[in-house]
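Structure first, then comments.
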Amino acid sequence: MNTRIRVALFTPLIASSLAVGTLGFAASSAHAAQSAAPTKASCSTKASTNGTGKVTVSGTGFRASTKVLLEGSTGKTFTASVTPTGNFAVANLEDADYSATQSGTGEIACGSAKAAEQKDAKAQFKEGFSQGFALVKADCKKMNQNKNNLAAVDPNFEKGFKAGSELAAQRFCK
């Protein structure tokens, strides 16, 4: 076989195999980088339900099987062990504004139980307002209906429902 013909036949095969190999390497490198990317860590502080005034600080998305340093606004620090699934929880702490730090990562704000309760109160009011407004806007006769016939309603939801239904009545029920 002629040397020119061999070169002409095999050059495209070699070039295409190199291109395919490079694409495969690039794709596998991108996949490896994506799977190695850490998940976003977060933490929160919740009040104990037993009425002791103590709180539990918990977190998710941390590097597994390591330690997390918790620091409260009172200056006290605690060390928490992270589970193999990336979670931690420390109970029976005094209510303070906490932050969590893990070696090699930045500080993550956990907040305080009081701030979490205020945030929940605002969310309850907003939800009640939306439902009350929508109900009365759709039918003015429902102005004095109880909130979807719920037996026990959050007081903030109830305040929001009342404010929303009153505003809708002013705007739509004349």
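Bear in mind these aren't lab numbers, they're just calculated from the coordinates by the rules spelled out. None of the values given here were measured: they were computed from a predicted structure.
Only aspartates and glutamates eight or more places from residue 67 in sequence, or on another chain, were considered; those with a Cα closer than 18 Å are 107. Based on the alpha-carbon gyration tensor of region 58-141 and its eigenvalue square roots a ≥ b ≥ c, which shape applies: rounded if a/c is under 1.5, prolate if not and a/b is larger than b/c, or oblate? Verdict is prolate for region 58-141.
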